[in-house]
Amino acid sequence: MKSHNTFVKVRYAETDQMGVVHHGNYAEYLEIARLDWLSALGISYKSMEQEGIMLPVYELHFKFIKSAFFDDELRIETSLNKMPSVKIEFSYKVYNQDNQLLTTANTVLVFMDTKTRRPIRCPEYILKKLTV
């Protein structure tokens, strides 16, 4: 399905004393990549929120293969697993500047109405963009 690459440079504050990226930062990297994926599709997350739609994370899974280090240039490949319904599922592969696979991950997010906090179906305009 639709995939997109996002690039993130590892900042010093994201690493421990050995220069290794702390595992907790990867969730933020995925969020950056996911928002970039939406933006590349022509979808503004800010506009979605203004329309009363939010996408909280329901599941988050990581497999850490190799470490990322301070000043690495990470490439995050974000792929849509299947057409969304109430949920939208992504897979991620994180590579360093040497194209070494560092981490794989999966997320499941749920489309929700911001007022009722209840699940809703994926908006039609997103489905249309995914079928182009």
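The values are calculated or read from the model by the stated rules, or taken from the named source; none is laboratory data. Nothing here was measured: the structure is a model prediction, and the numbers come from that model. Cβ atoms come from the backbone with ideal geometry, glycine included; neighbour counts cover every protein chain shown.
When you look at PHE62, is it of a type in the set (Phe, Trp, Tyr) and touching a Gly at 6+ places or on another chain (Cβ under 8 Å), yes or no?
Considered against the rule, which asks whether it is of a type in the set (Phe, Trp, Tyr) and touching a Gly at 6+ places or on another chain (Cβ under 8 Å), PHE62 comes out as no.
Do you know which of the residues in segment 1-37 that are within 16 Å of LEU109 (Cβ to Cβ) and either modelled with pLDDT under 95 or in contact with a Lys or Arg (Cβ under 9 Å, 6 or more places away or on another chain) (or both) is surrounded by the most Cβ atoms within 10 Å (Cβ to Cβ)? Top of the filtered list is TRP37.
Is it fair to say ILE65 is in contact (Cβ under 8 Å) with a residue 60 or more places away in the chain and more than 15 Å from VAL108 (Cβ to Cβ)? Considered against the rule, which asks whether it is in contact (Cβ under 8 Å) with a residue 60 or more places away in the chain and more than 15 Å from VAL108 (Cβ to Cβ), ILE65 comes out as no. Within segment 49-64, the set of residues being loosely packed, with under 12 Cβ neighbours inside 10 Å and within 30 Å of ASP16 (Cα to Cα) comprises PRO56, GLU59, HIS61, LYS63.
Here SER67 does not fit the description of being part of a strand (DSSP E or B) and either touching a strand residue (DSSP E or B) at 6+ places or on another chain (Cβ under 9 Å) or exposed (fewer than 14 other Cβ atoms within 10 Å of the Cβ) (or both). Close Cβ contacts (under 7 Å, 6 or more residues apart or on different chains) running from residues in segment 104-119 that are within 22 Å of ALA27 (Cβ to Cβ) to residues that are modelled with pLDDT of 95 or more and of a type in the set (S, T, N, Q) comprise ASN106/SER91. Cβ-Cβ distances below 7 Å connect the following pairs, each with a first residue in segment 26-40 that is under 14 Å from SER91 (Cα atoms) and among the small types (Gly, Ala, Ser), a second residue that is surrounded by fewer than 22 Cβ atoms within 10 Å (Cβ to Cβ) and modelled with pLDDT of 95 or more, and a separation of six or more residues or different chains: ALA27/LEU60; ALA33/THR6.
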